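Undergrad: Take a look at this one; I'll ask things after.
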Amino acid sequence: MNAPACAPVAAAGQWLSFRIGTQLYAAPLQAVNEVIRDGDITPVPGAAADVLGVRHLRGRIVPVLDGRRRMGVANAPLDPASVRIVMLAHAEHLVGLRVGAVGELLHSGGIEIEPPPPGRASRRDDPVTGILSWQGGFVALLDVCRLCRLGGEAGHVA
């Protein structure tokens, strides 16, 4: 099975921001299918540590990742009122990402996207592909293919 090709991070002009732990992340808006409330997730025995399980969504069974585990963020308590699942789509694949809160829509037009800072923990499947300076801080820009492991050697989602 051929893995779908990923678009370069610089190709996105609009991003949906969300908070995972204390860090602000963003996914390309064209990859965001929808944002839903947290709900019933069925655990999957033997799944990767960052996979919460699967969720039934309008006739589809969708894997849901824990954003904190996937990004290596401390497992701090979440505010149930603000927790959301960002449904990310690439080709025919749909994967949910549980986040602490959804932020605003960011426009990167005219703002230079920097590479991730050197010296940070590097992983082979690190989904952070760029940094966008934003309101006195920064937003870590995510590659949906890497985040959902769509381009991995196994060729499977999550």
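The values are calculated or read from the model by the stated rules, or taken from the named source; none is laboratory data. Just so we're clear, the structure is a prediction, and the values are computed from it rather than from any experiment. Note: ideal-geometry Cβ built from the backbone for every residue, glycine included; neighbour counts use all protein chains shown. Quick note on the areas: whole protein, heavy atoms, side chains included, nothing else; ligands and nucleic acids left out. Shrake-Rupley method; radii C 1.70, N 1.55, O 1.52, S 1.80 Å.
Undergrad: All but one of (1) modelled with pLDDT of 85 or more; (2) not in a helix (DSSP H, G or I) hold for E153; state the number of the condition that does not hold.
TA: Evaluating E153 over (1) modelled with pLDDT of 85 or more; (2) not in a helix (DSSP H, G or I) leaves (1) as the failure.
Undergrad: Any chance region 139-148 includes a residue that's open to solvent by 40 Å² or more (accessible area, probe 1.4 Å), modelled with pLDDT under 95 and assigned to a loop (DSSP other than H, G, I, E, B)?
TA: no
Undergrad: Give A47, A26 a once-over and let me know the one that is open to solvent by less than 50 Å² (accessible area, probe 1.4 Å), at negative phi and in a loop (DSSP other than H, G, I, E, B).
TA: Testing whether each residue is open to solvent by less than 50 Å² (accessible area, probe 1.4 Å), at negative phi and in a loop (DSSP other than H, G, I, E, B) leaves just A47.
Undergrad: Can you work out which of the residues in region 4-57 that are over 16 Å from the mean Cα position of the chain (by Cα) and under 27 Å from E114 (Cβ atoms) is modelled with the lowest pLDDT?
TA: P4
Undergrad: Specify the residue that is least open to solvent (accessible area, probe 1.4 Å); the eligible residues are those in region 68-112 that are part of a strand (DSSP E or B) and farther than 19 Å from I36 by Cα.
TA: L106
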